[in-house]
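Written below as structure tokens is the structure these notes are about.
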Amino acid sequence: GIDLDPCSNSKTKPNVPAAVHYIKEDNGLDQSWCGSVYMNPPYGREIGEWIEKLCCEFEQGNVTEAIALVPARVDTVWWNRLTSTNRTYPLACFVKGRLVFVNNGDPAPFPSALVYLGDNRIEFYEVFSRIGRIWGAWDDEIAGMVDYGTN
């Protein structure tokens, strides 16, 4: 289950089935975060603040695992921060094709990625390798379980 969606669209009809939803008026950046988090942050200039908050909460042990849905902008400072947390090696799934977001008929004008922080890396690989290529630093345990011929 998901404990927190810090960037929710709604408290009454959320898109993400989390136990707690912070909406824009709550300013999730000022709230405490804990447990498992799903984050689809605002994609404007403020995305870096959301990535920093997620990384800090994860590194402090407040967030135990997280998935962040973000634009695949690998040349940005915030992407490098997200993919270089000091508690674990994150994995990223580069989604095949362009996402179409709820209430929007047009696909996103950019590629997307789901970045995972946490200890369930094998499960992330098994689930998300169906929708895109997985990138990350592999340790021997994971490398021995991956069938490189299927992706």
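The values are calculated or read from the model by the stated rules, or taken from the named source; none is laboratory data. These figures come from a predicted structure and were not determined experimentally. Glycine gets a Cβ as well: all are built from the backbone with ideal geometry, and neighbour counts include every protein chain shown. Areas reflect the complete protein model, heavy atoms only, side chains present, ligands, DNA and RNA absent. Shrake-Rupley method; radii C 1.70, N 1.55, O 1.52, S 1.80 Å.
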**Message:** Against the condition surrounded by 15 or more Cβ atoms within 10 Å (Cβ to Cβ), over 20 Å from Ile2 (Cα atoms), under 15 Å from the mean Cα position of the chain (by Cα) and modelled with pLDDT of 95 or more, how does Gly48 come out, does it pass?
**Reply:** yes
**Prompt:** Which residues, counting only those in the range 17-35, are hydrophobic (A, V, I, L, M, F, W, C) and farther than 18 Å from Thr64 by Cα?
**Reply:** Ile23
**Asked** If Pro14 passes every condition in (1) within 17 Å of Val77 (Cβ to Cβ); (2) in a loop (DSSP other than H, G, I, E, B) but one, which one does it miss?
**Response** (1)
**Asked** Taking the range 116-132 as the search range and keeping residues that are among the small types (Gly, Ala, Ser) and in a loop (DSSP other than H, G, I, E, B), which one is surrounded by the most Cβ atoms within 10 Å (Cβ to Cβ)?
**Response** Gly118
**Request:** Being small (Gly, Ala, Ser), open to solvent by 40 Å² or more (accessible area, probe 1.4 Å) and assigned to a strand (DSSP E or B) narrows it down to one of Ala92, Ala113, Ala66, Ala19, so name that one.
**Result:** Ala19
**Asked** Looking at (1) open to solvent by 50 Å² or more (accessible area, probe 1.4 Å); (2) under 14 Å from the mean Cα position of the chain (by Cα); (3) over 25 Å from Pro17 (Cβ atoms), can you tell me which one Gln60 breaks?
**Response** (2)
